[in-house]
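Since the structure comes first, as structure tokens, the remarks are kept for the end.
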Amino acid sequence: MKNRPKYHRSLRLLKIVMGICAFTLLSSIRAQDSNSQFEGLWQGELTAGQRKIVIQFNIRFDQDGKGLVSVNSPTQGVTGIPAEMESVEGNAIAISVPNIRGHFSGKYDSVSQKIEGVWNQGNQLPLALERIAEIAAEKEISEERLQIQLGQLSAKLEELRKENNIPGLALAIVKDDKVIFSKGFGFADVENETPVTSETIFAIGSTTKAFNAVLLKMLEEDGLLDIKAPVSELIPEFKLNIRTDNDEDAVSIEDLISHRTGFPRMSFLWVQEEFPENELFETMAKARPTRPFQKRFQYTNIMYQVSGIAAEKASGQSWEEMIENRIFEPLEMDSTTLSIKEAQKDPSLALGYYWNEDTESFTRLPMTSIVENAAPAGAINSNLEDMTKWIRFLLNEGAVSGKSLISKESLADTWSIRTRIAPTMNYGLGWFLQNWEGKQVVQHGGSIDGFACQVSLIPEAKVGYVLFANVTATALQNTSMELVWKTVLGDGLGEAVPTTAIDFSPYVGEFVGNFASFKNATFTVKEKDGKLAIDVPGQQLYSLKSPDEEGKWFFELTDTIAVSFSEKEEGKVPEARIHQAGRVFNLPRKTAADASPQGIIAKEDLFALMDIDNQRRATEEVGLLRISGKVELPNTGIEGSISAYKSIKDDLFKSKLDFGKFGSTTTHYQKGKGTAGSSFQAAQEMSSKMIENLQIVEGLVDLRDVFPEVLVDEKKEIKGKEYYQVTYSGNEQGILTDLVDTETGDLFQRTASYHYSPYLPPIRLRINFEDYFEFEGIRIPRKTTFRNPQTGLTVITIESVEKVADTSSIAL
């Protein structure tokens, strides 16, 4: 009897607790029920002036009630733009689309079953949304069906490996904490035909950056650093001349690892071994930015090196020790190393290659140790067995064997948008962020001499994979995402519709492009290996997928670019269209009139103004020239010297750019053959495209012999001076555009696609020529400035020019 009151108190307490739990559960259910009215694919139409733009919102809620939104614009050919659910209260909803600075707010009308609201993107426009599809339930794929789809994937990977000239390939997929696929293809060693297996070691390159981001968040949880605090708090000597109007702005670790400092690659600062930190920071302090602070994405490895140094200052341990102790060891990644020397001790190490298009053979590439100088940016070497442990750890929200190494909140923060790249692409901390069918994709690729890697996750679906290849870079890094997601989360790759069933003849032909850097450029649509393909001038021939229901032929390389065609007329399509980054570019079919368009002056008059014949004659007569001067890299903070020899008569060019303690680069070319190397990389044979670039830039060839089509299409005024804009085309090298002084005939500016590497895509390069002087009748620019979007400016100033009588021995 004495215990009865206590029992009643316990019973009352239990009822109260149960009541609270019931209320909480009921509130959650009500919230989810309330949210369900917004779930689905909604569509509306914006009227902006004369334009009608269809916009779609894909709205879902996860099990915790968090809103998940992405935006499509079928009119503009854009899908999967990331959006953020700002609020959901009763019938009201607010969504922001940061990538395009858009915002929607509206209310659900239960009578009309529409969301009536306003779209704001600089100006306010009414937007009514109608649900056009319910959110489909997650499809459960049977084990039997999954195995069939994985078999299709395996066959497709082997087909693409051969098609993309990849010696060896490896892929492993994790789903629901299990490795459901792990397989090697081709050879780790081509010469000895050593097969790739799940144990084969590859360099993972820049996918190392995600490991670094996780480590920094671990240190932040320990209270050792704050990623939002100025880097100078940990490294007082670290200073960057950021471009900002706010004197209070300071570079943080978060800025370093989200590529938003405003500085380009600055590669010379990390390619030398044992470079003292104090000299590194002194040099960085001299560099000039190329973009405003925190405004633009500019990929740079050196900033990851600085973040690693900050981690060491905060913890008192080396970066390598922390990565091994806090990640490799708990995850039992026993075959994973941070050292080339250690990796080379493992007999399972793959050899690196690149495909030589000229010889149609593989060329060996030695592993480069320079990446160890910026280890947080790309030093890890691993295999499928170990990298699947890393993926499982990530998909398990930072836990391994039930033990949390990092909180799920901190890990998720690395997947939070920091830097906008494009409407459908962002960057977090060590990860690129995009969408696939409304689900967030977290991914990063890696490329280093002879090796490529891709790690991609869909955290919501508990799916991720790693892909390795022993080539420096491959289109398969991007295309593998669509292949894997369709295999594991969709209907599989299915039986390919025989492309021979499609009559390509109406689409095949030449189309004229005038957009971006393309001026009267010829885009050729052709059939290749049973597929439709488009040859983009100055780039490459891109194979296209079969058309979708909207008539878009997406590039096999990427799902962000597509080609569509107008209705047929007399058996041919009169127009092609390029869909990219939300824009549509029209390319009319080339006609006889397009083949020889009339410019504002005849090309013969242009060549006479430029005095091309006399200039070439004088250059041939003078023979071999020795050119000396200085080289500046203002966006890196270093300068050096140039010593070069050039002879049009002997078809010869040799040069050395010497930056002292920062290293040097050399180019040796003569009569159609050449090599390019540096103090930190073995000399490699130049491809035919690289050689043609060199010949054009250094004036070793007559452009009239290279480009069959020349057009003076307009006049431009720059700083009070007039220039003819000249477009050279009709060559596989692509479009070359010159600005020529209308008075002197001197070349002022050249813009062209430039092949820097035998195994990487070309980049668009702009070169300015200034301060001309005469030497032996030759007009020579004293100052030449190269503008590279990845590395910034290279400025060469000539200090002396002399004739060389003896060509038998040329020392650099």
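The values are calculated or read from the model by the stated rules, or taken from the named source; none is laboratory data. All figures in this text were calculated on a predicted structure; none of them were measured in a lab. Virtual Cβ from ideal backbone geometry, glycine too; neighbours counted across all protein chains shown. These area figures cover heavy atoms from the full protein model, side chains too; ligands, DNA and RNA do not enter into them. Shrake-Rupley method; radii C 1.70, N 1.55, O 1.52, S 1.80 Å.
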Tell me, please, whether a residue that is within 30 Å of Thr744 (Cβ to Cβ), in contact with a Lys or Arg (Cβ under 9 Å, 6 or more places away or on another chain) and open to solvent by less than 50 Å² (accessible area, probe 1.4 Å) can be found in the range 503-521.
-> yes
From the option list Met303, Met322, single residue qualifying as surrounded by 19 or more Cβ atoms within 10 Å (Cβ to Cβ) and touching a residue at least 60 places away in the same chain (Cβ under 8 Å) is Met322
Tell me, which residue of the range 619-672 that is part of a helix (DSSP H, G or I) and farther than 24 Å from Ile302 by Cα is most open to solvent (accessible area, probe 1.4 Å)?
-> Glu621
Filter result for Glu527 (surrounded by fewer than 20 Cβ atoms within 10 Å (Cβ to Cβ), touching a residue at least 60 places away in the same chain (Cβ under 8 Å) and touching a helix residue (DSSP H, G or I) at 6+ places or on another chain (Cβ under 9 Å)) = no
Report yes if some residue within the range 712-730 is open to solvent by less than 10 Å² (accessible area, probe 1.4 Å), at positive phi and of a type outside the set (A, V, I, L, M, F, W, C); otherwise report no.
-> no
Asp249 vs. criteria outside any helix (DSSP H, G or I), at pLDDT 95 or above, surrounded by fewer than 15 Cβ atoms within 10 Å (Cβ to Cβ) and acidic (Asp, Glu) = yes
Note on the range 255-278: residues in contact with a helix residue (DSSP H, G or I) (Cβ under 9 Å, 6 or more places away or on another chain), open to solvent by less than 50 Å² (accessible area, probe 1.4 Å) and modelled with pLDDT under 95 are Met266, Ser267, Phe268, Leu269, Trp270, Val271, Gln272, Phe275
Could you please tell me which pairs satisfy a Cβ distance under 9 Å, a separation of 6+ or placement on different chains, a first residue in the range 607-626 that is aromatic (Phe, Trp, Tyr), and a second residue that is open to solvent by 30 Å² or more (accessible area, probe 1.4 Å) and not in a strand (DSSP E or B)?
-> Phe607/Asp613; Phe607/Arg704
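Being of a type in the set (Phe, Trp, Tyr) and more than 22 Å from the chain's Cα centre (by Cα): is that true of Phe275 here?
Working: of a type in the set (Phe, Trp, Tyr): yes; more than 22 Å from the chain's Cα centre (by Cα): yes.
So Phe275 passes the test.
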Reported set for the range 231-243 where residues are within 20 Å of Arg291 (Cβ to Cβ) and crowded, with 16+ Cβ neighbours inside 10 Å is Val231, Phe238, Lys239, Leu240, Ile242, Arg243
Determine which single condition Ala752 fails, assuming it passes every other condition in (1) touching a strand residue (DSSP E or B) at 6+ places or on another chain (Cβ under 8 Å); (2) surrounded by fewer than 19 Cβ atoms within 10 Å (Cβ to Cβ); (3) touching a residue at least 24 places away in the same chain (Cβ under 8 Å).
-> (2)
Within the range 687-702, can you find the residues that are over 20 Å from Gln615 (Cβ atoms) and either among the hydroxyl-bearing types (Ser, Thr, Tyr) or in contact with a Lys or Arg (Cβ under 8 Å, 6 or more places away or on another chain) (or both)?
-> Ser687, Ser688, Ile691
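Can you name the residue in the range 340-377 that is acidic (Asp, Glu) and over 25 Å from the mean Cα position of the chain (by Cα) and, of all such residues, is nearest to Glu320 (Cα to Cα)?
If we take residues in the range 340-377 being acidic (Asp, Glu) and over 25 Å from the mean Cα position of the chain (by Cα), then Glu342 is nearest to Glu320 (Cα to Cα).
Could you list, in sequence order, the residues of the range 704-736 that are out of contact with any strand residue (DSSP E or B) (no Cβ under 6 Å at 6 or more places or on another chain) and outside any strand (DSSP E or B)? Talk me through it step by step, then tell me what you get.
Residues of the range 704-736 out of contact with any strand residue (DSSP E or B) (no Cβ under 6 Å at 6 or more places or on another chain): 704-706, 708, 717-721, 731-733.
Within the range 704-736, Arg704, Asp705, Val706, Pro708, Lys719, Gly720, Asn731, Glu732, Gln733 qualify.
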Residue count, the range 121-163, condition under 31 Å from the mean Cα position of the chain (by Cα), surrounded by 13 or more Cβ atoms within 10 Å (Cβ to Cβ) and closer than 30 Å to Phe38 by Cβ, comes to 1
Subset tally (residues that are open to solvent by 40 Å² or more (accessible area, probe 1.4 Å) and out of contact with any Lys or Arg (no Cβ under 9 Å at 6 or more places or on another chain)) for the range 396-420 = 9
Among the residues of the range 363-375, which ones are part of a helix (DSSP H, G or I) and open to solvent by less than 10 Å² (accessible area, probe 1.4 Å)?
-> Ala374, Ala375
Output the residues belonging to the range 673-703 that are open to solvent by less than 50 Å² (accessible area, probe 1.4 Å) and part of a strand (DSSP E or B).
-> Gly674, Ala676, Gly677, Ser678, Gln684
Do any strands (runs of 3 or more DSSP E) entirely within the range 108-213 hold 2 or more residues that are among the β-branched types (Val, Ile, Thr) and out of contact with any Asp or Glu (no Cβ under 7 Å at 6 or more places or on another chain), and if so, which?
-> 114-120, 168-175, 178-189
Evaluate the following for Ile166: is it touching a helix residue (DSSP H, G or I) at 6+ places or on another chain (Cβ under 9 Å) and open to solvent by less than 10 Å² (accessible area, probe 1.4 Å)?
-> yes
Does at least one position in the range 52-71 carry a residue that is open to solvent by 30 Å² or more (accessible area, probe 1.4 Å), under 30 Å from Trp553 (Cα atoms) and modelled with pLDDT of 90 or more?
-> no
Name the pairs: first residue in the range 782-803 and within 19 Å of Phe659 (Cβ to Cβ), second residue modelled with pLDDT under 95 and small (Gly, Ala, Ser), Cβ to Cβ under 8 Å, at least 6 apart or on different chains?
-> Thr791/Ser267
Can you confirm whether the range 412-431 contains a residue that is over 29 Å from Ser348 (Cα atoms) and either more than 25 Å from the chain's Cα centre (by Cα) or assigned to a helix (DSSP H, G or I) (or both)?
-> yes
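Of the residues in the range 328-347, how many are assigned to a helix (DSSP H, G or I) and either over 16 Å from Ala377 (Cβ atoms) or open to solvent by 30 Å² or more (accessible area, probe 1.4 Å) (or both)?
5
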All positions within the range 86-120 that are open to solvent by 40 Å² or more (accessible area, probe 1.4 Å) and under 22 Å from Arg418 (Cβ atoms) = Glu86, Ile100, Arg101, His103
